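Read the structure below first, then the notes.
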Amino acid sequence: MSREKLPRSTTSYSRIYSVVRRIPRGRVATYGQIAKLAGLPGRARQVGYALHALTSATAVPWQRVVNAAGAISLPPMNGGISQRLLLEKEGVRFDARGRIPLKSFAWRARA
DNA sequence: GCGGTGACGGTCG
DNA sequence: CCGACCGCCACCG
């Protein structure tokens, strides 16, 4: 069979999107968590890149991905506000410091 | 082809 | 708990 000489980047992006699509409504996951589940441990940044490449109309619930502190990494003026509104509409709450209590809203994926 | 950049995260003080 | 640093690596000029 032909050796899959596909661009690794494209493959990684697909895997990342697949994992993000699994996040249930009303729950959030961290970049690191997504990276790990996508088979890219320690490469949280790449998850950020993959999601940034998305930006427009897609079936990927990108708003459900936040950083390890439970905060939105996206700059407020550049989508951060939208992300928060989308999450609040799903029932996700933010504390006074603008952070999501991961204790309550973190998605606990099953390997 | 090289170097700076960045939707991150673990560690340290 | 918080800020500063460093490691990570694909993307872009």
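A short reminder: the numbers here are calculations on the coordinates, not readings from a lab. This structure is a prediction, so every number in the text was calculated from the model and none was measured. Quick reminder, even Gly has a Cβ in these numbers, built from the backbone with ideal geometry, and neighbours come from all protein chains shown.
See the values below:
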read-out	value
Whole-Hz ³J(HN,Hα) from phi, Karplus 6.51 cos²θ - 1.76 cosθ + 1.60, for segment A:42-54, glycine and proline x	x, 10, 3, 4, 5, 5, x, 5, 4, 5, 5, 5, 6
Fraction of the pair-distance distribution of segment A:3-92 above 19 Å, Cα-Cα pairs, percent	35
Mean residue ellipticity (222 nm) of chain A, computed from DSSP H runs ≥ 4 via -39,500 (n - 2.57), nearest 500	-12000 deg cm²/dmol
Size of electric dipole in chain A: Cβ of Lys, Arg +1 and of Asp, Glu -1, about Cα centre, debye, nearest 20	340
Peptides ranked, highest mean first, by Cβ atoms within 10 Å: ranges A:59-66, A:22-29	A:59-66, A:22-29
Interchain or long-range residues, amide H under 5 Å from A:Val28's placed H	A:Ala106, A:Trp107
Segment A:82-104 versus segment A:18-81: alpha-carbon centroid distance in Å	14
Most positive-pole-ward Cα, A:Gln83, A:Gly39, A:Leu51, against dipole of segment A:3-92 from beta carbon charges	A:Gly39
Cα shape, segment A:44-101, gyration tensor, a/c 1.5 rule	prolate
Shape call, segment A:19-72: gyration tensor on alpha carbons, a/c limit 1.5	rounded
Karplus 3J(HN,Hα) series, Hz, for segment A:98-111 with 6.51 cos²θ - 1.76 cosθ + 1.60 (x for Gly, Pro)	x, 10, 8, x, 4, 3, 9, 10, 5, 7, 9, 6, 9, 2
